[in-house]
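The values are calculated or read from the model by the stated rules, or taken from the named source; none is laboratory data. Computed from a prediction, not measured in an experiment: that's the story for all the values here. Cβ sites come from the backbone with ideal geometry, for glycine too, and all protein chains shown count toward neighbours. All accessible areas refer to the heavy atoms of the entire protein, side chains included, with ligands and DNA or RNA removed. Shrake-Rupley method; radii C 1.70, N 1.55, O 1.52, S 1.80 Å.
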Amino acid sequence: MPETVELDWAYLSGLADRVAHSIAQKWSIVEADDVKQEILLHAYEYRAVIESNYANEDFLWKIFQKAGTQYASRERNYRDLLDDAYYYTPDEAKAALRTFLYTDDELSQIVGKKDDLLRARVTDNIVSARMDAAASLKKLPERYQQLLLRRHVYGLPVPDQPDRQALSRAAVALAQQMNRTLRTRRNAA
C-alpha cells in the first residue's frame, strides 16, 4: 500500500497564488483570487495526484497552471456567450469553411438564396464568416487545420476514430477562435 503524504495546504495555497497571479496577468477577464480558488478546488478533487507528486514543485506548477488556464478559458467562453453579440457555432464555422471552394463571384450568387422562415442560415453574413474563418484557421494547431480542410473544404472522409474526435474538437476550436476574431474586430471599430 503506497505511503500517503500529509499535504501542507498553506504551501499549496502559496503556489496556487503565484500561478493564479501569472494567469490573471495574461487573462484580463479573471481575477487572481477566483483562479486561485479554482486551482485549490482542483487540487482537493485530485489530491491523490497531488500527493503522489508532492515533492515535485515543477509538476505541481504545471497541474495548477492547467487547472487555472482551463478556468480562465471557460470564463472567457461564458462571457462571449453572454455579451449579446453574434456568436458562431461549430456548425456555422464548418459552413464558412465549405465556402473556401467558391470564388467571390460564385459566393455572391449564393448569398441569401437558401434562407426561409423555417431555417435561417448564415448565408447573408457568409462573406464575413468566411473572412473570420480564414483568419481564425491560421491560429489553430497544424493538425486541426489539416483535419478541417480535409473534411470541410476538400470533402474527404476522415477514416480513423482518433482523427474524427480531433476533427470535432477542431470545429469547436475554430468557432471559438472565430468568435475571438469577431469580438476583436468589433472592439477595434
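Remarks
- The set of residues in region 158-184 being over 15 Å from Thr89 (Cα atoms) and under 14 Å from the mean Cα position of the chain (by Cα) consists of Ala166 alone.
- Scope region 27-40; condition under 17 Å from Ala10 (Cα atoms) and open to solvent by 80 Å² or more (accessible area, probe 1.4 Å); matching residues: Asp33, Gln37
- Summed over region 145-168, residues that are over 15 Å from Leu97 (Cα atoms) and touching a residue at least 24 places away in the same chain (Cβ under 8 Å) total 0.
- Here His42 passes the criteria (1) without any contact (Cβ under 8 Å) to a residue 24 or more places away in the chain; (2) part of a helix (DSSP H, G or I) except the one numbered (1).
- Region 123-180: number of residues that are among the hydroxyl-bearing types (Ser, Thr, Tyr) and out of contact with any Lys or Arg (no Cβ under 8 Å at 6 or more places or on another chain): 3
- Residues that are aromatic (Phe, Trp, Tyr), open to solvent by 40 Å² or more (accessible area, probe 1.4 Å), modelled with pLDDT under 90 and in contact with a helix residue (DSSP H, G or I) (Cβ under 9 Å, 6 or more places away or on another chain), drawn from region 55-88: Tyr86, Tyr87
- Boolean, Ala43 is aliphatic (A, V, I, L, M) and open to solvent by 30 Å² or more (accessible area, probe 1.4 Å): no
- Qualifying residue in region 131-144 (condition: among the polar types (S, T, N, Q), open to solvent by 20 Å² or more (accessible area, probe 1.4 Å) and either within 21 Å of the chain's Cα centre (by Cα) or at pLDDT below 85 (or both)): no
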